[in-house]
Structure formats: C-alpha cells, structure tokens
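Below is one structure, written out as structure tokens; the observations come after it.
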Amino acid sequence: MAMMPKRVKHRKAQRGRIKGNATRGNRVVLGDYGLQSLDGGWLKAQTIEAGRIAAQQYIRGEGRLYIRVFPHRSITSRPLETRMGKGKGEPAHWVATIRRGTILYELGGVTEAQAKICFARLAHKLPLRVRMVKRRTH
Amino acid sequence: MNDVLNVTARTDTGTSRMRRLRAAGKVPAVLYGHGQETSVLTLDRKELVAVLNHSGHIVQLQGAVNESALIKEVQFDPVEDRILHVDLFRVDAGEQVEVALEVVLKGTAKGSLSGGVVNQLVHEVVIRCPASAVPERLELKIGELDVNHSLRAGDLTLPEGATLVSSPDQVLVICNMPVVETPEAVGAAATGAEPEVIARKKAEDAE
C-alpha cells in the first residue's frame, strides 16, 4: 500500500519551490549502498511503492531495503470538466519533496553487483535522474 | 605509522575565495584543540584523499604547523563528492581520544550456509584509545554467527589499551532467514483513506 501520513495538521498545502541541494538525508546511513537523486522534484507515494516492489522482487528477502523518503505533502486536484473557482481542489495524492542529493532508498546485506542491478530496476520506476552511491567511512 | 599531510597557512576566508582554492586542487582546513589558538590551513586534495581512502584517522601535519591531529570531520559535497572542508583536532601521541571506527565483517557466517541472511545494523562504534594506536577499522568475526543469533558491540576484539564507548549491548549484526512478502499481505491494507486532521479534532473537542 502506498504510504501516507496518519495525522496531519493541514489537509492541503501550497506548492512551494524546490531550491538547492539536500542538506539532510544526503548520506548513506542505514545500508551499504544508496540511490541518490540528482534532480529535485516530487515523488508520488505510488511511485515510491512501485520502486519498493521492484527492488523487493529482485532481492527476494535477501538483504534489506530501506526507504529514506516519506510522502508528507498532499497534492490537490480539481475534478474533470469543472469551472475554475469555488476554492482549492481536494487532496488527490501524496508526494515526497525531493531535493538534489537526497538518498531515496538504501540496500544492506547484498553485494555491490546485486545492489547495482537492483537499483537499476528500481530507477526505471522513478521520474528523477538517480545514481548509486556507497557508504562513506569518514 | 601516521600519515603525513603537508599544510600551508591560510589567511583567506570566505565562500568565493574557498571556491577558487578548491578549484586549484586544495582543501581548506581548520586545526583546533588543547586550548590553543585555532589555525586556518590549506591541504593538498590528493594527499588527503589518499589518507581517507585507507580510513586514516591520525595524521602528522608538516609545514606551517608540525603537530599530530585527529581528522575530526570531513565535509563532502553531497552530489559531486568533492571534499569541501576538513576539521583537524590537535592530539598528543599518548593522549586518549574518542574515535568512531568502521566495523567490518570478516568470514562467512555459519547461518548463511544454511540459508540465512547476514544483516549489519550498525556500521560504526566509538572507542577510546591512545592517539598513537588508533586502528583504521574494527573487524568482527562472524564465522560462528548462526540463524536467529546476533553479535553485539561487546563481542568486538578491541586493540590493546582501547575501551568501548558505545554500549556493549548494541546489536551490530544479525542473521535471519529471508522473509518473502506475499502479494496478499501487500494489497491487504485499505486504500483511499484520508489522514486524521489534528486541528479539526481539537475544534470538535472544544465543542
């Protein structure tokens, strides 16, 4: 099931702007390898889930997949064939706001070759440019 | 033997000057500690990368200052992997220092031969040891690790004179049987529900 917050303070949010590089969540901390975004953008909850399924199907319980992003922001949309006005639309889906450099997924307990194949399969599901990175020792 | 880093004193500071410095193959650094005055330095990037590649922690500085130092923090550009800045901490050879060291698994776990999967949960532990004897990394032998068993920080073999600062009960590595999720379990949760709104709940309570 696609991820979504359990409780929110406000149902609808303004769109905002995505500027600059990620200053947090830009290091591999949980696993050995990470998938890092090279673009900023929104990642839908369904897309995060699709990526998770693609990766899980490859690693098949061996190793461990960590999802490092969460869709906190609701995106509203207007019903089809309705006139403008009458207020903001209703929440349609949830997205994670991704800044350049954010680690999206991490993998542990697999070899580098397996991680490379797994992330390549996962990357096909994503609307962002990504690259594989390794854990830093310093 | 400690690695040697050639350093030059630096008077320039500021974003644009440091950007030019990095473009010339140098790395800005700062040296502090022991209650002495802070020194701003410049390092050679190639020398520094060579030290970091083999996980060196203590370096001997030569040039503008001749002291031993602990590499306290290395700042990287998250996207371009360039080294932006280094923090160096003055240490004496016999001084006790706290260092975060990488834990490397050695051997093949007994459990993995019977189908288990080894998962390293913690990759770094903090130890206190003399500055002259800081190891590059800590090795954890996992040969005896069976399925549904774990190894803790207390199981690490520390170098002579070193003590563990991290909790000895901290689980470093576990071995479990692989769990393949079933499609029914994935699709079982409800879809289309909306999250609870905190402010609305408060307003209802007030009424």
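Just one of the listed residues (A:59, A:53) is without any contact (Cβ under 8 Å) to a residue 40 or more places away in the chain and over 10 Å from the mean Cα position of the chain (by Cα), namely A:53.
Identify all residues within the stretch A:24-44 that are touching a strand residue (DSSP E or B) at 6+ places or on another chain (Cβ under 8 Å) and in a loop (DSSP other than H, G, I, E, B); write none if there are none. It would help to see each step written out before you state the result.
Keep residues of the stretch A:24-44 that are touching a strand residue (DSSP E or B) at 6+ places or on another chain (Cβ under 8 Å), which gives A:25-44.
If the condition is that a residue be touching a strand residue (DSSP E or B) at 6+ places or on another chain (Cβ under 8 Å) and in a loop (DSSP other than H, G, I, E, B), then A:25, A:26, A:27, A:28, A:29, A:30, A:31, A:32, A:38, A:39, A:40 are the ones that fit.
Of all residues in the stretch B:61-90, those being under 21 Å from the mean Cα position of the chain (by Cα) and farther than 27 Å from residue A:131 by Cα number 9. Taken across the stretch B:102-111, residues that are assigned to a helix (DSSP H, G or I), crowded, with 17+ Cβ neighbours inside 10 Å, at pLDDT below 90 and not assigned by TED's automatic domain parsing to the domain that holds residue B:31 do occur, with at least one present.
Among the conditions (1) under 15 Å from residue A:105 (Cβ atoms); (2) under 12 Å from the mean Cα position of the chain (by Cα), the only one that residue A:40 does not satisfy is (1).
With respect to residue B:44, determine if the residue is touching a His at 6+ places or on another chain (Cβ under 9 Å), under 15 Å from residue B:63 (Cα atoms) and not hydrophobic (A, V, I, L, M, F, W, C). Walk me through how you get there before you give the answer.
Details: touching a His at 6+ places or on another chain (Cβ under 9 Å): no; under 15 Å from residue B:63 (Cα atoms): yes; not hydrophobic (A, V, I, L, M, F, W, C): yes.
Taking the combined requirement at face value, the residue does not satisfy it.
Remark: pairs (first residue in the stretch B:36-57, within 11 Å of residue B:83 (Cβ to Cβ); second residue crowded, with 16+ Cβ neighbours inside 10 Å and polar (S, T, N, Q); Cβ separation under 9 Å; 6+ apart in sequence or on different chains) = B:52/A:137.
Kindly provide the set of residues from the stretch B:122-134 that are open to solvent by less than 70 Å² (accessible area, probe 1.4 Å) and modelled with pLDDT of 90 or more, ordered by number. First the steps, then the outcome.
Going through the stretch B:122-134, the residues open to solvent by less than 70 Å² (accessible area, probe 1.4 Å) turn out to be B:122-123, B:125-127, B:129-131, B:133-134.
The answer is B:122, B:123, B:125, B:126, B:127, B:129, B:130.
Regarding residue B:50, is this residue part of a helix (DSSP H, G or I), open to solvent by 50 Å² or more (accessible area, probe 1.4 Å) and on the phi < 0 side of the Ramachandran plot? Here the answer is yes, as residue B:50 does meet what is asked. Within the stretch A:1-23, the set of residues being assigned to a loop (DSSP other than H, G, I, E, B), among the polar types (S, T, N, Q) and over 15 Å from residue A:88 (Cα atoms) comprises A:23 only. Applying the condition of being more than 8 Å from chain A (Cβ to nearest Cβ) and modelled with pLDDT under 85 to the stretch B:169-187 and asking which residue is farthest from residue B:120 (Cα to Cα) yields B:184. The condition of being open to solvent by 30 Å² or more (accessible area, probe 1.4 Å), at pLDDT below 95, closer than 19 Å to residue B:79 by Cα and facing another protein chain (nearest Cβ under 10 Å) holds for only one of A:135, A:99, A:131, that being A:135.
The values are calculated or read from the model by the stated rules, or taken from the named source; none is laboratory data. As the structure is a computational prediction, the values presented were derived from the model and not from experiment. Quick reminder, even Gly has a Cβ in these numbers, built from the backbone with ideal geometry, and neighbours come from all protein chains shown. Each accessible area value is taken on the protein alone, full model and side chains, heavy atoms only, with ligands, DNA and RNA left out. Shrake-Rupley method; radii C 1.70, N 1.55, O 1.52, S 1.80 Å.
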